[in-house]
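What follows is a set of notes on a single structure, which appears directly below.
The values are calculated or read from the model by the stated rules, or taken from the named source; none is laboratory data. Remember, predicted model here, so these are calculated numbers, not experimental data. Positions of Cβ are generated from backbone atoms using ideal geometry, with glycine treated the same way; all protein chains shown enter the neighbour counts. What goes into the accessible areas is simple: the full protein's heavy atoms, side chains included, and nothing from ligands, DNA or RNA. Shrake-Rupley method; radii C 1.70, N 1.55, O 1.52, S 1.80 Å.
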Amino acid sequence: MRFAELVEVYEKIEGTTKRLEMTDYLVEFFRRTPVELLDKVVYMTQGKLYPDFVDVNLGIAEKLAVKAISKAYGISQDEVMKVLREKGDLGLTAEELAKRKTQASLFAKPLDIAEVYDKLDKIARSTGPGSQDLKMKLLSGLLSDASPKEAKYLLRMVTGKLRLGIADMTILDALTISFAGDKGKREAVERAYNLTSDLGDVAKTLANYGIDAIEKYHVKVGRPIRMMLAQRLSTAEEILEKLGGRAACEWKYDGERVQIHKYNDEVTLFTRRLENITSQYPDLLELSKKNIKAKEAIIEGEAVAVNPETGELLPFQLLMHRRRKYGIEEAAEKFPVNLFLFDALYIDGRDLTQAPYIERREALKKSVKESDEFRLAEALITDDPKEVEEFFEKAIAAGCEGLILKSEKGVYQAGARGWLWIKLKRSYQSKMIEPIDAVIVGAFTGRGRRSGVYGALLAAVYNRKRDVFTTICKVGSGFTDEDLEKLPEMLSPYKIEHVHPRVDSQMEADIWFTPALVIEIIGDELTLSPTHTSAYGEVKEGFGIAIRFPRFTGRWRQDKSPEDCTTVEEIVEMYKAQLKRIEE
Amino acid sequence: MFKARLADPKILKYSIDAVSNMIDEAGVSVTKDGLRLKAMDPAHVALVDLELKKEAFDEFEVEEPLVLGIDLERLNTILKRAGTDQILIQLDSENNVLKIRFKNSSTRTFDLPLIEVSEEELKVPNLDFPSQIEIPPKILSESIKDAEIVSDHVTLMVDEENLFISAKGDLGNVEVKVPKDEAKSFEVSKSCRSMFSLEYLKDMIKASDIADSVKIYLGDNIPVRMDFTTENARLSFLLAPRIESE
């Protein structure tokens, strides 16, 4: 089939803004497309060569495209750039210059779709030394055989800017009408797409085996399921009401959502955008291989950066160190991730997407071996808004974004943002802009690299009225190796058997101290906390104030006595002064 | 089984250098008569036809005809390392590599992995050339280098008396005149001219150093054919013209 025929459809689609007309053009074209070309045509129309989860991408740089146009048409690069500046679009530039070409070719043959696809594939796949030149030559070869209109779309495709304005949903409409007669079976087709994220495969299945095969379509290990998303409401009461009075609450971790596909020893990781990120998480790959007991599984969780020495959760931004090609191992060592699992979609031959939440969570629990690094997300089933709030503040204080409340009976709605999952996020936050002075009242034994020294310290501020020290955070970040080395010695004179009578703590430290040593601490923000006792009940009943993402600034305040610490009054003032509504 | 030895690497080095920039990969056919490479560049602007007769080699053995898929750019970088050493070529079909050995006081062996090449059908137009001129290759290569100074394209023109190689650019013009008497042969049935891209020509003239003569087949706004020949080798190019806008 000629590429010109496809281009003709693109021209028509570009000429309209009406979705129904677009659909009609596609239907007409899909019906006369040979079945073996159908998936290719679908991907190309989406502006790609493969479904998103295959890591082969077009997207050649403008400079290289200019070079290819110059070579194909015998027009200087300066001239091509001049036209590009006028037109502002590489596609239109190629179209214009194809008409003005000054280089003849020995023979020209009309392009056909299969050939164009193969050449584009070759362009996308060539990597390494000399690949830029090869990409350029291949593109210029295509251009020399292309008509001006074909040149326009070729350029847009290779630069990743096809942008026909066709949404995946329009393609689904067109496929349904083309191969199932009318839109009646649209839902089944969309479900098939949501289960495998592969429009080409859906198209081929439909064309080859009809709607029956689509209705029997199931999840496939190795093809990402389009993720289920959550709605949002602002209070626990509203959410509980929406979910029928009772819900499973899960911590919403501040990390990257990952869908793990395991097939025997082969593990693949996908993002929410269905990209394959297996290479970015070698640590997660190992954890998955080691801890998933099921032979075949599709499970979901949140990958969160952690401080390897204290187990503290770290902000999402640190995961950006993984977004690179080289040095992943180093990034994985410096900022390792833990995985918090929350769903199972497929386990050893069983498609769980239609099973209720409770059953999925049970299957998840059975199919993995939990460890510190790889475990189920913190969860709580309740019908009490108070309990939800407490759980919520605990999650925030631990570094989470909030909670996701899930319907116990809810199925996994692939690709949908429905009301079976509802998130509870904070609407206010109080940024911490200046450090505080806090006294050390306890310590936690370290693990990993910190075994033998303290992993984290329990810090407190001064409550002048009651003349006690109330805890404000557990801090393990910001200490140098040297600091850690000398801490036990510095604190040993103050070591005591039980919590000090003037210390008010709900946390159980491994070691207790007489309040003496003062250090300076900064954090990202001040948050409400059900665990820490500073300003308890002053801002909100049942909650104290804590520091979120606390770290030692490096300043030892030996000049200060414990009573010179920041006071609870000051903390409350700081909290109120910085409290701002979170902009969405 | 295929094995060949070249005491003087020059002919292979230069001919591969002349084609490898235009054509990235090609199938080289090996028969009892020698090597043959016929391929077109991806933009279909130039066609290359290289023939190395078995007499060009000091030793040449092949059991049955075969086609070797070769990454020409790779081969070129390897051959550049040859210096003046004797070259031995041997097919290791088990590992699907071509062993290229340079022998002097030491022996250096390169493994060139063979690649899959898609056989593209070459539909080459049949052309009648009104003019055929044979000249020493040096004259052609020098003129092309002159033209490169002023432009990215060059005009080849003949009349009954002369061959003209000229280029026009923003910074000035150049014209090289080759009188009939300097040519080895000069058959011109009518005067004609065509224009060509220097990007291709500057690669093609790399064959000048090994050829005894170059025969230029020229017409009016049609492709030009250039045959660089020596006793046991022929490197032939067909190059599509530029379209003159004025």
Computed magnitude of the charge dipole of chain A (debye, nearest 20; Cβ of K, R +1, Cβ of D, E -1): 1920
Charge-dipole axis of the protein assembly as shown as Lys and Arg at +1 and Asp and Glu at -1 on Cβ define it, positive-most pick from A:248, A:192, A:512: A:248
With Cα atoms, 0 to 90° folded angle of helix B:137-150 axis to chain B main axis: 70
Charge sum, other residues only, whose C-beta stays under 12 Å from residue A:125's C-beta, Lys/Arg counted +1 and Asp/Glu -1: 0
Solvent-accessible area per residue, Å², over chain B with all protein chains present [probe radius 1.4 Å]: 49
Tail fraction, Cα-Cα pairs, the stretch A:13-148, threshold 25 Å, whole percent: 36
Net dipole in debye of chain B [+1 Lys, Arg Cβ; -1 Asp, Glu Cβ; about Cα centre; nearest 20]: 620
Fraction of the pair-distance distribution of the stretch A:422-477 above 17 Å, Cα-Cα pairs, percent: 57
Links that overshoot a 22 Å alpha carbon limit, given the list A:242/A:365; A:71/A:122; A:18/A:216: A:242/A:365; A:18/A:216
Computed magnitude of the charge dipole of the stretch B:131-239 (debye, nearest 20; Cβ of K, R +1, Cβ of D, E -1): 180
Alpha carbon convex hull of the stretch A:461-528, volume per residue in cubic angstrom: 115
Choice from B:206, B:53, B:80 with maximal GNM fluctuation in chain B (Cα, 10 Å cutoff): B:80
The stretch A:341-391: trypsin sites (Lys or Arg not before Pro) in DSSP coil with no more than 12 other Cβ atoms inside 10 Å: A:369
J(HN,Hα) series, the stretch A:565-582, from Karplus relation 6.51 cos²θ - 1.76 cosθ + 1.60, nearest Hz, glycine and proline x: 4, 4, 9, 4, 4, 5, 4, 4, 4, 4, 4, 6, 4, 9, 5, 10, 5, 6
Interface residues in the stretch B:25-57 - accessible area drops by 10 Å² or more relative to the isolated chain, probe 1.4 Å: B:25, B:40, B:42, B:43, B:44, B:45
Residues residue B:94 and residue B:55, FRET efficiency given R0 of 35 Å [Cβ-Cβ distance, rounded to 0.05]: 0.75
Per-selection Kirkwood Rh - chain B (Cα, Å, 1 d.p.): 19.1
Accessible surface buried upon A-B contact (total; probe 1.4 Å; Å², nearest 100): 1900
Inter-centroid distance (Cα atoms) of the stretch A:3-56 relative to the stretch B:81-96, Å: 49
Relative contact order (%) - criterion: Cα under 8 Å, at least six apart; region: the stretch B:131-239: 31
Under the Debye formula (equal points on every Cα, no solvent term), log10 I(q)/I(0) of the protein assembly as shown at q = 0.06, 0.10 Å⁻¹: -0.61, -1.09
Subset of B:54/B:215; A:137/B:38; A:67/A:149; B:13/B:215; A:137/B:168; A:67/B:202 violating a 24 Å alpha-carbon distance limit: A:137/B:168
Whole-number D in µm² s⁻¹ for the stretch B:131-239, Kirkwood Cα-pair radius fed into Stokes-Einstein, 20 °C, 1.002 mPa s: 156
Hull-based mean projected area of the stretch A:229-428, where the convex hull spans the alpha carbons, in square nanometres: 10.7
Whole-number accessible area per residue in Å² for the stretch A:454-542, which is evaluated in the context of all protein chains at 1.4 Å: 44
Stokes-Einstein D in µm²/s, Kirkwood radius over Cα pairs - the stretch A:436-583 at 10 °C with 1.306 mPa s viscosity: 104
Where trypsin sites (Lys or Arg not before Pro) fall in DSSP loop in the stretch A:1-90, at most 14 other Cβ within 10 Å: A:18
Quotient of C-alpha Rg and 2.2 N^0.38 Å, computed over the stretch B:2-113: 1.01
Cα centroid of the stretch B:203-219 to Cα centroid of the stretch A:391-412, whole Å: 77
The stretch B:87-131: trypsin sites (Lys or Arg not before Pro) in DSSP coil with no more than 13 other Cβ atoms inside 10 Å: B:123
